[in-house]
Amino acid sequence: MDTTSVPVIELRQVTKTFGRGTAAMQALRGVDLVIQSGEFVAVMGPSGSGKSTCMNILGCLDTPTTGSYLFQGVTVGSLSRDQRAILRRHYLGFIFQGYNLLNRTTALENVELPLIYRGDPVEVRHQRAQEALAAVGLSGWEHHTPGELSGGQQQRVAIARAIVTQPAVLLADEPTGNLDTARSQEIMDILTRLNFDQGITIVMVTHEPDMAAYARRTVHFRDGLVVPEHEIQHEGGA
Amino acid sequence: MLWNALLLAMREIRRNVLRSFLTILGIVIGVAAVIIMVTLGGGATVQVTQQIASLGSNLLIISPGKRMGPGQTVGAAPFSVDDTVALARDIPQLVAVAPTTSRSMTVVYGNANWSTQITGSTDDYFKARNWVAKSGRLFTDSEQRAGAAACVIGQTVRQKLFGNQDPIGARIRLQKIACEVIGLLESKGQSTMGTDQDDLVIIPLRAFQRRIAGNQDVNIIQVSVRDGVSTTRVQQDIEHLMRERRHLSENEENNFNVMDMKEITKMLTATTQVLTALLGAVAAVSLLVGGIGIMNIMLVSVTERTREIGIRLAIGALEREVLLQFLVEAAVLSSFGGLVGIVLALAASVGLASVLNVPFVFNAGIVVIAFVFSAAVGLVFGYFPAKKAAQLDPIEALRHE
Ligand SMILES: Nc1ncnc2c1ncn2[C@@H]1O[C@H](COP(=O)(O)OP(=O)(O)OP(=O)(O)O)[C@@H](O)[C@H]1O
Ligand SMILES: [Mg+2]
C-alpha cells in the first residue's frame, strides 16, 4: 500500500458525546481509524457500540465532539454546515438500511436527485442516472416508483443514487439489513464490483460475518472504541 | 436552482391536489373578496361621479322653508317668478335660473296611464339639469310666454305610455289638459338615491301655474353656476339677495334654503369610498387568515416530509436550497390561489354589477396588487415552515418516522 499518499479517511482520537451533564452519553470514546483510498472496509460490532455514530461522522453529517477527522487531508470539524454539504455532494455516497428513497418519485428521478443539487444540466443528469441504474442492473426500471419495486431493487436504486456522482467514498450502514441472503449477495456483488472496477472506497457496517467476508478488511467496534487487531484473534471464529 | 424549485413545487402540489385546493381556499376567498369589493366600490364611485355630471354641474337648489336639522324644514312662503327674474339679473355668475313647481299626477295616453312627476318650468331647467332632447325639441319662447299645452317627457314615461312608438306629436292628457309631446329627453338612469331620473314630464311654468296649480307660486328655484366660479361664494350672494327680497331683518333666520348639489354628491362619493375601503379591509383580513392556513399546511407538510428533507440534506442539498424549495412551494400555492381568486372575482363582479345596477369598472391595479399580495402572503407565511425544514438535522430527519 502506498503510504506516502494522504489517506482518504483519518480519525484521530475522535469522541462523540450526546447530551449534557448527567444525561451525557459518550457514544465514541477516542476512535483512531485510517482508511486508504480504494479500500473496502467492513465495520462490525455489537448494537450500541457506536458504528452508526462513527459512520455519520465519516459521512460529514455530524462532527466529532473532540479529536479530529481528516477527509482527504481536510479537517472536517472546522467546516461549516454548507461546506460539509458540498463535500457530501461531491465526494460521498450514502446507502442506508432503510433505502431512504423519495416515495412516489421514479427510480430515475431518485437517482438524478444529487445531480440536481450539483446543478448538472438535464441531459447530463439523464445520461448519468441511466448509466448508474444500468450499473446496478436496473435498466428498464427507470420509471418505476419505490412502491413498485422489491426491497432488493430499492436498495439497488439507492446504490445507483449513491454512485451517480462518482464519489470517492461510499458509506453503507447495514445495506443488507432488510434483505434475504440471495438479495444481500446481489448487493454485495455490486459493491465488490464498484470497489474493484471503479476503485471507490467503501466503508460498510454489517452484523453478518458472511457480508463482512466480502470486504478486504474488517474493523471491530466495542463500547465506542475500535478493537485492536491483536485482540480480535480470540473472536475470529464468531 | 429556482427553476428546479419551481418544478419540485408543482410536483408536490399535484401530488396532493385536494389538500392543495383546501389550502389555497382561504387565499382564493380573500383575493376574490378584495377584488369584488374594490371593483363594485369603484363602479359605485364612477356612477356617483357620472351623476354629478348628469345632475348639472354646479347646481344650486333654492327651496322655501327653515332648515330644522337634517332633511327637515318648516313651511314658509313660496317664491315667485319675480324672484327668479331678480336672481338672473343681479347675480351674473348664474348661467341658468329655473323656477320649478311640481306635482305627482297621472298621465294618460289611449288606454295607458302612468303616475309620474309633472314639473312646470322654463328652458333654463334643461340647462341647469343638463337635459338634452333625444328627439323632438325643447320649449320655444312663445310657448313659454303663452303657457302652451306642450310637454317634454322622459324615457320612462315614453316607455310606459308609448312602448317603442315615437311619442313626438302625440297628445297626452294631464287631468283636463291635452298636451302635445314636443320632445323626448335622453336617458339618465337611476340617481344616487336610487330614484328613476327619467320618470318625468316637463311643461311650461305658466301652463302649470294657470291650468294645474291655479296660483302664481314657484316652489323651488334651481340655478346653475358658471364653470370655474366658487359655488359657496354664489350661494352667499343668493342668500343675501333672497333675504332682502323676503324682507328678513338682521336677527331673523333664513326662511329658505340654498343646497349645493355638488357638495351633497361629493359627500356621497366620499361615503362610498370609505365604505369600499372598509369592506376592502375586512376582505384583506381574510387574506391574512388564508396566509395562516398556508403556514399551517406548510408546517404539516414539513413534518410529513421530514425524512425526505433528511435525504435531500444528506445527499448534499444546502440549507438555502431546502429553504427555497419550501418557500417556492408556498408562494406557488398562494399565487395560484390568487389567480383562481382573481378569475372568480372578475366573474362575480360582472354578475353582481349587473344585478346591483352599477357599472363594471375593471381595475387592473387592484388585480395586480391582489396577485402580488397573495404571492407575498405565501412567502411571508411560508418562511417560518421553510426555515424549520432547512434547519433540520439530517441525521435526526433521516431517523424520523
Ligand atoms: N442522537 C443521539 N442522542 C443520544 N444518544 C445517541 C444518539 N445517537 C446515538 N446515541 C447513542 O449512542 C450509542 C451508539 O449508537 P449507534 O447508533 O452508533 O450504535 P450502533 O453501533 O450503530 O448500533 P446498532 O448496531 O444497533 O445500529 C447508543 O447507545 C445510542 O443510544
Ligand atoms: Mg447503527
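Out of all DSSP beta bridges in chain A, what portion is antiparallel? Express it as a percent rounded to 5. Roughly 50 percent of the beta bridges in chain A run antiparallel, per DSSP.
Chains B and A: buried accessible surface, both sides, probe 1.4 Å, rounded to 100 Å²? Intermediate values should be presented prior to the final figure.
On the way: alone 20300 and 11680 Å², together 29810 Å².
Using a 1.4 Å probe on protein heavy atoms, the buried area is about 2200 Å².
Put simply, the amide H of B:Gly65, placed in the peptide plane, has neighbours under 5 Å in B:Ala76, B:Phe256, B:Asn257, leaving out anything fewer than 5 places away on its chain. Inter-chain Cβ neighbour count for B:146-154, averaged per residue, equals 0 (cutoff 10 Å, partner chain atoms only).
Along its three principal directions, the equivalent ellipsoid of segment B:97-225 from the Cα gyration tensor extends over semi-axes of 20, 18, 14 Å, largest first. Helix B:364-390 and the long axis of chain B differ in direction by around 20°, with both axes built from C-alpha atoms.
When every Cα-Cα distance of the protein assembly as shown is counted in 20 angstrom steps from zero, the calculated P(r) takes the values 15, 29, 16, 13, 15, 10, 1 percent.
With an 8 Å cut-off on Cα pairs and a minimum separation of 6 or more residues, tell me the relative contact order of chain B in percent. Numbers along the way, then the final one.
On the way: 729 pairs, mean separation 117.7, N = 401.
Result for chain B is 29 percent.
Extending 7 Å from Cα along the Cβ direction at A:Gln127 and again at B:Arg137 yields two label points whose distance is 9.1 nm.
Whenever you get a sec, compute what percent of the accessible area on chain B sits on carbon and sulfur atoms (1.4 Å probe). Mind dumping the intermediate values first?
Values: 11430 of 19210 Å².
Of the solvent-accessible surface of chain B, carbon and sulfur hold 59 percent.
Just the number please: accessible area per residue for the protein assembly as shown, 1.4 Å probe, all protein chains included, in Å². Spell out each step's value before the answer.
Numbers: 29810 Å² over 639 residues.
With the other protein chains kept in place, the protein assembly as shown gives 47 Å² per residue.
What do you get for the angle between helix A:151-163 and the principal long axis of chain A? Use alpha-carbon atoms, 0 to 90 degrees, nearest ten. Here the helix axis deviates by roughly 80 degrees.
Taking every DSSP beta bridge that has both residues in segment B:146-245, what percent is antiparallel when rounded to the nearest 5? Display every interim value, and only then the final one.
On the way: 7 of 11 bridges.
Of the beta bridges lying entirely in segment B:146-245, close to 65 percent run antiparallel.
Grab the beta carbon distance between B:Asn164 and B:Gln216, set R0 = 30 Å, and tell me the FRET efficiency rounded to 0.05. Provide the component values of the computation, followed by the final result.
Details: r = 39 Å, r/R0 = 1.31.
Efficiency at R0 = 30 Å is approximately 0.15.
Of all DSSP beta bridges located in the protein assembly as shown, what percent are antiparallel, nearest 5? Approximately 70 percent, going by the DSSP bridge assignments. A straight Cα-to-Cα reach below 30 Å connects B:Lys388 with the lysines A:Lys16, A:Lys51, residues fewer than 8 places away in its own chain not being considered. Once both labels are positioned 7 Å from their Cα atoms along Cα-to-Cβ, the gap between B:Arg15 and A:Met25 label points is 3.0 nm.
Pairing the Cα long axis of helix B:319-356 with the longest principal axis of chain B, what angle in degrees results, from 0 to 90 and rounded to the nearest 10? Tilt of helix B:319-356: around 20 degrees.
Hydrodynamic analysis of segment A:128-238 uses the Kirkwood radius over alpha carbon pairs. Inserted into Stokes-Einstein at 20 °C and 1.002 mPa s, it gives a translational diffusion coefficient of 141 µm²/s. Simple spin-label estimate for B:Ser249 and B:Gln190 gives 5.1 nm between the two label positions (7 Å along the Cα-to-Cβ direction from each Cα). Neighbouring Cβ atoms from other chains, within 10 Å of the Cβ of residues in A:96-105, number 3 on average.
Legend: mean number of C-beta atoms from other chains within 10 angstrom of residue C-beta atoms, peptide B:306-315, equals 6.
One decimal place: the segment A:Asp210-A:Ala134 gains 24.8 nm when fully extended, by the rule 0.36 nm per residue minus the C-alpha distance.
Averaging the sequence gap over all C-alpha pairs within less than 8 Å and six or more residues apart, then dividing by the number of residues, gives chain A a relative contact order of 28 percent. The solvent-accessible area of B:Asp237, taken with every protein chain present and a 1.4 Å probe, is close to 50 Å².
The values are calculated or read from the model by the stated rules, or taken from the named source; none is laboratory data. It should be emphasised that the depicted structure is a prediction, and the values quoted were computed from it without experimental measurement. In this analysis, Cβ positions are derived from the backbone assuming ideal geometry, glycine residues included, and neighbour counts consider all displayed protein chains. Accessible surface is based on the protein model in full, side chains and every heavy atom, while ligands, DNA and RNA are left aside. Shrake-Rupley method; radii C 1.70, N 1.55, O 1.52, S 1.80 Å.
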